[in-house]
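**Student:** Sharing a structure here in structure tokens format.
Laboratory data are not the source of any read-out in this text; all were calculated from the coordinates shown. The shown structure was predicted, so the numbers you read here are calculated from the model rather than taken from an experiment. With ideal geometry, Cβ positions are generated from the backbone for all residues, glycine too; neighbour counts draw on all protein chains shown.
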């Protein structure tokens, strides 16, 4: 009968080998995606796919270093800085509370630079959400978040049909109402959610906020704006 220790050793070796092969494949995949992004640094879709692969691998620092390097290129555009801001945001749930503050500040700085280069509803939305997420302790950034989200909604503008073509606009209505709710302006929060629901009648987030009791709304907002909870940064709503 074969020695059970031999079987155990072979099983361990096999597991280690599989992990090594996966790691090699991962590095090759990330490297290939970085090459593509370097050629198209303003392509948010390609950059978002790369960041999702980074999240799956836990390679947050690699992503931050990569986009930071791109941002230092002469003539770096607004989407490079937006992707850098999102790379910082991606790492926030993976670190402790104190480190989250520094990452949030770095994300805000990158998003501010994106807005300086080209004000956009998407950049204002993301910076507004960062501000809403940092309200605890000595940080009271909800007013700044609301201001950003009001700017996002203003830039989104257009008809209901045009708004529906950009699904992320629904997120602006949700977040802006959440900000008003936090500022104890519940009538304005509900008016914002109702306006959003008229344009996005199938949005579950808006429907919940318009039908749930106040304590449930407060709890939902607290959960959604908890910096320790990972948010979807895939930008799938751009498709």
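**Student:** Can you sort 226, 68 so the residue with the fewest Cβ neighbours within 10 Å comes first?
**Tutor:** Details: 226 13, 68 16.
Fewest-to-most ranking of 226, 68: 226, 68.
**Student:** Calculate the all-directions average of the projected area of region 165-239's alpha-carbon convex hull, and give it in nm². Before the final figure, lay out the partial values.
**Tutor:** On the way: hull surface 20.1 nm².
Averaged projected hull area, Cα only: 5.0 nm².
**Student:** Just want the ordering: 50, 168, from fewest to most Cβ atoms lying within 10 Å of their own Cβ. Write out the running numbers ahead of the final one.
**Tutor:** Details: 50 23, 168 17.
Taking fewest neighbouring Cβ atoms as first place, the list is 168, 50.
**Student:** According to the square roots a ≥ b ≥ c of the eigenvalues of the Cα gyration tensor, what is the shape class of region 78-144, taking rounded for a/c under 1.5, prolate for a/b larger than b/c otherwise, and oblate for the remainder?
**Tutor:** Working: a/c = 2.45, a/b = 1.43, b/c = 1.72.
Oblate.
**Student:** Rounded if a/c is under 1.5, else prolate if a/b is larger than b/c, else oblate: which is region 121-230, with a ≥ b ≥ c the root eigenvalues of its Cα gyration tensor? Kindly include the intermediate steps, with their values, before the conclusion.
**Tutor:** On the way: a/c = 1.78, a/b = 1.25, b/c = 1.43.
Oblate shape, in that a/c is at least 1.5 and b/c is the bigger or equal ratio.
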